[in-house]
1. Can you list the strands (runs of 3 or more DSSP E) lying wholly within the stretch 226-275 that have 1 or more residues being of a type in the set (A, V, I, L, M) and at pLDDT below 90?
2. Of the residues SER11, SER36, which is over 20 Å from LEU97 (Cα atoms) and within 30 Å of the chain's Cα centre (by Cα)?
3. Restricting to the stretch 95-127, name every residue that is in a helix (DSSP H, G or I) and either modelled with pLDDT of 90 or more or open to solvent by less than 20 Å² (accessible area, probe 1.4 Å) (or both).
4. Looking at VAL206, VAL193, which is the one that is touching a residue at least 60 places away in the same chain (Cβ under 8 Å), touching a strand residue (DSSP E or B) at 6+ places or on another chain (Cβ under 9 Å) and under 24 Å from ASN283 (Cα atoms)?
5. Could you please let me know if ASP1 is more than 28 Å from the chain's Cα centre (by Cα) and modelled with pLDDT of 90 or more?
6. Would you point out the residue of the stretch 29-77, among those that are assigned to a loop (DSSP other than H, G, I, E, B) and polar (S, T, N, Q), that is surrounded by the fewest Cβ atoms within 10 Å (Cβ to Cβ)?
7. Among the numbered criteria (1) of a type outside the set (Ser, Thr, Tyr); (2) more than 30 Å from SER94 (Cα to Cα); (3) open to solvent by less than 70 Å² (accessible area, probe 1.4 Å), which single criterion is violated by LYS275?
8. Check the stretch 78-92 and report whether any residue there is assigned to a helix (DSSP H, G or I), surrounded by 13 or more Cβ atoms within 10 Å (Cβ to Cβ) and touching a Cys at 6+ places or on another chain (Cβ under 8 Å).
Amino acid sequence: DVLTTHKYWDSIKLVAGYGLMLGDGNDYFRPDDKISLIEAEKILAFACGSAHRIGNNFPNDVITEAARLKLIVGVNAKAADEAVTFRDVAVMLSNALEANVYEAVSYTDNGVNYRVSKDETVLSYYRGIYLADGIVTKNSITSLTDIAGTDCDAVEVDGIRYNTPGKNYDYLLGQAVDVYYTTPKFASRPQAVYVRNNGTGKELTVDAEDITGYKNNYLTYRKNGGSEKKEYLGIGSANIIYNGKALTDYTQYGESIIVPKTGSIRFVDADSNGKYETVFIDNVETVLVSGV
């Protein structure tokens, strides 16, 4: 029931080739029918290598495996036979990208033994794109530990350098990120396909006009007319990035440098452990000139 002229011919041929969709009991794919939640769960469970965990106990096996893979987190559809929307499918696909797939580890007379791979995901299995996470420790401009950056299209995450040709991730310095990367042949290092803030960290931004003082290495501030609060901003407290560059020794700088008259101070707790590991100081000055 799927002609080569059908608009979904290439897609159906692809998923059928991977064994993700087998058609109904009469081998019909019914390409113009809506997809139910349980059907979407089964397709993605198969894509994650879980076919061996889905037996004849349908749909319970599918529901159990989809829950284990966390495929339906954030999905609006609830009933197994309820049609999924475009939005639901996008959410399920996003969830599947981070689900660890099953891999065959041994073959015996009794069948195949599988285990969950901690390295392989749907992206790596089908497209060769791997996922890593960590803290951005160096960008092209500077580093959390010294003033030298990568000086090229590259970013370091937990000390591992990823090439980022044509892309700039300098703004993610000090933040917890996910790195989607490939390992090109003959390349000296992995290449980042996409780097994003993974949302696990916490930030506090204090605008210059909210700062009420700086004494004994403590910065005091008051936001939105609330009570006065303070944060430690002294030696050994955190990595300080001043106007984009790391201050390796900021004991020589006084209040006029540490406390901006115009700009802001952003405290970053990348791993949400209650301690700010990096502080970004943007000290802005406006200078009027008659000519250059």
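The values are calculated or read from the model by the stated rules, or taken from the named source; none is laboratory data. Note that the structure is a prediction, hence the values are computed from the model and not measured. Here Cβ is always computed from backbone atoms with ideal geometry, including for glycine, and neighbour counts include all displayed protein chains. These accessible areas exclude ligands, DNA and RNA; they are computed on the full protein's heavy atoms, side chains included. Shrake-Rupley method; radii C 1.70, N 1.55, O 1.52, S 1.80 Å.
1. Filter on the stretch 226-275 gives 239-242.
2. Criteria check complete, one pass: SER36.
3. Of everything in the stretch 95-127, those that are in a helix (DSSP H, G or I) and either modelled with pLDDT of 90 or more or open to solvent by less than 20 Å² (accessible area, probe 1.4 Å) (or both) turn out to be ASN95, ALA96, SER124.
4. After ruling out the rest, the residue left standing is VAL206.
5. No: the conditions fail for ASP1.
6. Per the stated criteria, the residue is ASN56.
7. Single failed check for LYS275: (3).
8. No; the residues of the stretch 78-92 include none that is assigned to a helix (DSSP H, G or I), surrounded by 13 or more Cβ atoms within 10 Å (Cβ to Cβ) and touching a Cys at 6+ places or on another chain (Cβ under 8 Å).
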